[in-house]
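Shown next, in structure tokens, is the structure this report addresses.
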Amino acid sequence: MANAVERMFNSYMRIKKEVERLDRETYQYMPVTDVVTGSMTEFPYLMRKYTIRDTVPVLVLNDNTNLEKRLKVLSSRRTAVANHLNTITDSNIVELLRLRYVFGYGWSLVAMVNHGGYSEDEAKAIIAQYFKGFD
């Protein structure tokens, strides 16, 4: 039976994908260009025109209140995972959790990438033991 912390981490990748999907549905990113005149501090007598380019989000839907509410809820859940990771003092556990739940790596890749030298089963056992502490 999974406890609240384990469920929070297990749902992170799904939440991340849903936030990206909602962001694409809610906003369309439009290119913006502006031209300004200025000079460098080293050569204040040389005035030049500088072009600044960026993209800005533009709302696509007029009635998107439900999408905005859902996006806020999901964003707060993502923030809860980040805050929980910041409270963990053991760097090996943080690394295992990040690789598995934040980046979505499989257990074999988590064991290979992690610098602690764990096998796949050892990595699973360490995380299972960590989650047991919240029962």
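Here is how the numbers come out for the structure above:
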| quantity | calculated |
| --- | --- |
| Filtered residue count, the stretch 18-59, keeping only those that are out of contact with any strand residue (DSSP E or B) (no Cβ under 6 Å at 6 or more places or on another chain), β-branched (Val, Ile, Thr) and closer than 22 Å to ARG70 by Cβ | 2 |
| Count of residues meeting criterion [surrounded by 10 or more Cβ atoms within 10 Å (Cβ to Cβ), over 18 Å from PRO57 (Cβ atoms) and without any contact (Cβ under 8 Å) to a residue 24 or more places away in the chain] in the stretch 13-38 | 3 |
| Exclusive hit being surrounded by 10 or more Cβ atoms within 10 Å (Cβ to Cβ), modelled with pLDDT under 90 and within 30 Å of ASN3 (Cβ to Cβ), set LEU67, LEU71, LEU61 | LEU71 |
| Looking only at the stretch 107-128, and only at residues there that are loosely packed, with under 12 Cβ neighbours inside 10 Å and under 13 Å from GLU95 (Cβ atoms), the one that is modelled with the highest pLDDT | GLY117 |
| Among the candidates SER11, SER76, SER39, residue that is among the hydroxyl-bearing types (Ser, Thr, Tyr) and within 22 Å of GLU120 (Cα to Cα) | SER11 |
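The values are calculated or read from the model by the stated rules, or taken from the named source; none is laboratory data. The model shown is predicted, which means the values in this text are computed figures rather than measured ones. We place every Cβ from the backbone using ideal geometry, glycine too, and count neighbours over all the protein chains shown.
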